[in-house]
Amino acid sequence: MAASAPVVGVAAALFRSVLQRAQQAAERSGRTAQQFRLVAVSKTKPVSVIREVYDAGHRCFGENYVRELVEKAPQLPDDIEWHFTGNLQSNKVKPLLTGVPNLAYVETVDDAKIANHLDGAVANIGRKPLKVFVQVNTSGETSKSGAEPAGCADLVKHVRSCPNLEFCGLMTIGMPDYTATPENFKTLSDCRSQVCKELGMSEEQCELSMGMSSDFELAIEMGSTNVRVGSTIFGAREYPKKEAQ
Ligand SMILES: *Cc1c(COP(=O)(O)O)cnc(C)c1O
């Protein structure tokens, strides 16, 4: 056995503590533990560590890179609910959907073109409808993907017209260091009000995916129903070189 075998159980313990903190935040804001979803974002982390969190009872994981997810998913149980949380290019839609039959959500639909590609690919494969979030650029940075807040109702309307997509809600990423500010969360929440008003939907029909390692409790208190937590569960990520998608 290798001299420096990984310490067993660390990720599972950190996962339990994040889940507990998230539940407490939900209770503080008058919700129950059932009213949010914790996505364990496992990008760059080995299958063995994901398995550890799976064995602790978790089923909901997120990945950012198509090639990485397509490689890892078949090595893990198929009752995992995978969330794709990365930038998605049209030419990666087919490999993503064929390679990951248990892909449950794409959280990063930011224009009509990618929605159409996903819709068509789901139809071709004949799998069940794919759940999607519309990504909104709430920080105003041009480097960030996401629909403009002013345009998000139109995009939601389009997604809801795609027969093979199931619209779930709005998603945002914060600033470049991945620290969303309360202003970003407020903007996403305002987008939801606008979308619901324009499209005659109730707020329950429009989830909010916001909050990461450094701010998931605040996000839940501000109405997030889907927090995406990576490094607080799995440890800091190492990026040896520029990542291939
Ligand atoms: C990497 C990533 C996360 C997790 O970030 P942490 O700060 O490590 O929790 C969440 N959401 C998206 C979209 C990401 O790319």
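The numbers here are math on the coordinates, done by the rules we state, and not lab data. Computed from a predicted model, the values in this text were never measured in an experiment. All Cβ positions, glycine included, derive from the backbone under ideal geometry; neighbour counts span all protein chains shown.
The loop-placed GluC sites (Glu not before Pro) in segment 118-201, going by DSSP, that have at most 15 neighbouring Cβ atoms within 10 Å of their Cβ come out as GLU141. Taking every Cα-Cα distance in segment 121-191 and sorting them into 5 Å bins starting at zero, the pair-distance distribution P(r) comes out as 3, 17, 24, 20, 14, 11, 8, 3, 0 percent. For the chain, modelled as a GNM whose springs connect Cα atoms under 10 angstrom apart, the maximal fluctuation among PRO149, PRO129, PRO95 occurs at PRO95.
Amide H to amide H distances under 5 Å link THR108 with PHE133, where only residues 5 or more positions off or on other chains count and H is placed in the peptide plane.
Evaluated with a Cβ-only charge set (Lys, Arg +1; Asp, Glu -1), the chain carries a dipole of roughly 460 debye about its Cα centre, given to the nearest 20. Placing dummy labels 7 Å off each Cα toward the beta-carbon, the span from ALA123 to SER145 is 2.2 nm. From helices alone, the chain scores -11500 deg cm²/dmol at 222 nm; the rule is -39500 (n - 2.57) for each run of n ≥ 4 DSSP H residues, then divide by the residue total. Counting neighbouring beta carbons within 10 Å and listing from fewest to most, the residues THR44, THR32, THR181, THR172 come out as THR32, THR181, THR44, THR172. Annotation: lysines with alpha-carbon distance below 16 angstrom to LYS197 (same-chain offsets under eight excluded): LYS157. Each residue of segment 190-204 was assigned a 3J(HN,Hα) from its phi angle through the Karplus expression (A = 6.51, B = -1.76, C = 1.60, θ = phi - 60°), giving 5, 4, 4, 4, 5, 4, 5, 5, 5, 9, x, 10, 8, 4, 5 Hz with x at Gly and Pro.
Residues considered: SER139, SER29, SER189. Largest GNM mean-square fluctuation over the chain, using C-alpha springs under 10 Å, is found at SER29.
With a simple spin-label model that places each label point 7 Å from the Cα along the Cα-to-Cβ direction, the separation between ARG160 and SER214 comes to 3.5 nm. Note on LYS128: aspartates and glutamates with a C-alpha under 14 Å away, same-chain residues under 8 apart excluded, are GLU81, ASP119, GLU166. Sorting the Cα pairs of the chain by distance into bins of 10 Å, from 0 upward, gives 7, 32, 38, 20, 3, 0, 0 percent per bin.
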